1. Roughly what would the spin-label model give for ILE108 and ASP233, points 7 Å off Cα along C-beta, in nm?
2. Could you pull out the GluC sites (Glu not before Pro) across segment 163-248 that fall in loop regions by DSSP (anything but H, G, I, E, B) with no more than 12 other Cβ atoms inside 10 Å?
3. Taking the Cα centre of each part, how many Å lie between segment 19-64 and segment 385-435?
4. Tell me, what ³J(HN,Hα) does each residue in segment 122-135 have, in order and in whole Hz, if you take phi through Karplus 6.51 cos²θ - 1.76 cosθ + 1.60 with θ = phi - 60° and put x for Gly and Pro?
5. Run the simple label-point estimate for LEU348 and LEU404 please: 7 Å along Cα→C-beta, distance reported in nm.
6. Would you mind giving the three semi-axes, in whole Å and largest first, of the ellipsoid equivalent to segment 17-456 according to its Cα gyration tensor?
7. Skipping prolines and chain starts, which residues have an amide H placed within reach, meaning under 5 Å, of the one on ALA19, given they are 5 or more residues away or on another chain?
8. How large is ³J(HN,Hα) for each residue in segment 369-375, as worked out from phi by the Karplus curve 6.51 cos²θ - 1.76 cosθ + 1.60 (θ = phi - 60°), to whole Hz, x for Gly and Pro?
Amino acid sequence: MTGSVSTQGGTAVTDRVIALDDVPLNRFHIRVTAYTTGGMFCDGYILGIIGIALSVWSPQIGMSALWDGLIGASALAGIFVGSLVFGPITDRIGRQTMYTADLAAFVIASVAQFFVQEPWQLFALRLIMGIAVGADYAIGAALLAEFLPRKQRGPLMACLNAVWTIGYVVAYVVGYLLRDLGPDSWRWMLASSAVPAVVILCLRLGTPESPRWLISKGRVDEAQEVVRTHFGDNVRLPEPENVPAASFREVLSRRWRVRTAFASIFWFAQVMPFFALFTFAPQVLKALGITGELTGGLLMNGFQALGAVVGVVIMNMLPRRLFLWVSFLVMAVCLGALAVAPAPPTVLVLGCFAVFALVVSASGNLETVYPSELFPTHIRATAVGFAASMSRIGAAVGTFLLPLSLEHLGNRPTMLIATIVLVVGLVVTLAWAPETRTALLDKEYYAEPALEVADGR
């Protein structure tokens, strides 16, 4: 049935009643996506700049492999804390407040890095920044998933990780360009993350609260006002229901524990080798016999950026489950080849790393899509935060141990360990991954605890 036509958020809509999941894409959706992905750019930049900054500062002061690993892993350890703590807080107090507070923390800590004198000071600041990044992982994905229509949810949420990747790559390029500024070039590299953080902080001001979250708290009138302002009067909201306060107990309950385990392990298995290899890309390439390791790192990051774009483009073309398990298989083959080759030629090293960088970046987009589709609104941020925190245990451990592993075990055992982690991710995906490409986020979708897996096979 079609009635009068009105304009909301830049899109013409009729008075036909539609579900929130099926609202036509409009300018408001694009703005919220841009502001949220902007935060992920800052996240990627913050984590990407540290590797090249350490490659400059560490030799100046004779920093040990232990401190290299601790500082490289500090932000990742902070993400573990931030995701674990602020996921439940976000489910309790709302997405909107935390959406801007974490960016303010980015700005302050970024500037403070310029003034550090000792390794422990940088470690502490990076830990604080990691906590803010971890909060943003839980907040941004939950907020964006709850606004976007399901037809565009996959590609637009994939932009979160794609833009994170771009931020990571841009940081490496900026560090590469600043490295010749003198002995304090590493300070400018680290402080430069304040620039994008200030811009995104200003843009995020005034973002409305998620109507799904408002409904989960019984604030139906406020939810209706948000929807009316940005989508029109003809949108049917999910029915309010009595739900308990978000808690880890529910996330780990019998109903949700398999999905929680799957989200945590696949994310863990993707980021552990990624952060270990890319945080110390110059050192890894040097250990594998590549001269001009900074240039090689730029090549790796170029393929990483390309993979981010490819992942967005194909996100809705492939079932989530198929996309993930094939990616794990390809990545395991790439690193496994370096683990078994006694003296790999330059072309094999660069080729394997190029393919690995492209595939891990493309499939990494699932980290911001898949977990958000697995859980209902009242525990979404808690569950996503939990999975993110578990993944960062792997990232932190891998980043901390990689310099030590290269020093004491050598490059082949190091590549073998990374390969084993990827095989674990492959096995868990084949065993537990549900298919969510066309999932609704309303409560009806979660009436049954099991999801269909067959479409993803």
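What follows is calculated from the coordinates using simple rules that are stated; it is not laboratory data. In this text, all values refer to a predicted model and were calculated from it rather than measured experimentally. Here the Cβ is made from the backbone with ideal geometry for all residues, glycine too, and neighbour counts use every protein chain on show.
1. Simple spin-label model gives 4.5 nm for this pair.
2. Counting only loop positions with at most 12 other Cβ atoms within 10 Å, the GluC sites (Glu not before Pro) in segment 163-248 are GLU241.
3. 22 Å
4. 5, 4, 5, 5, 5, 5, 4, 4, x, 4, 5, 4, x, 4
5. 3.0 nm
6. 36, 24, 18
7. Sorted by chain and number, the residues that satisfy this are ARG236.
8. Karplus values, whole Hz, x for Gly and Pro: 9, 4, x, 5, 8, 8, 9.
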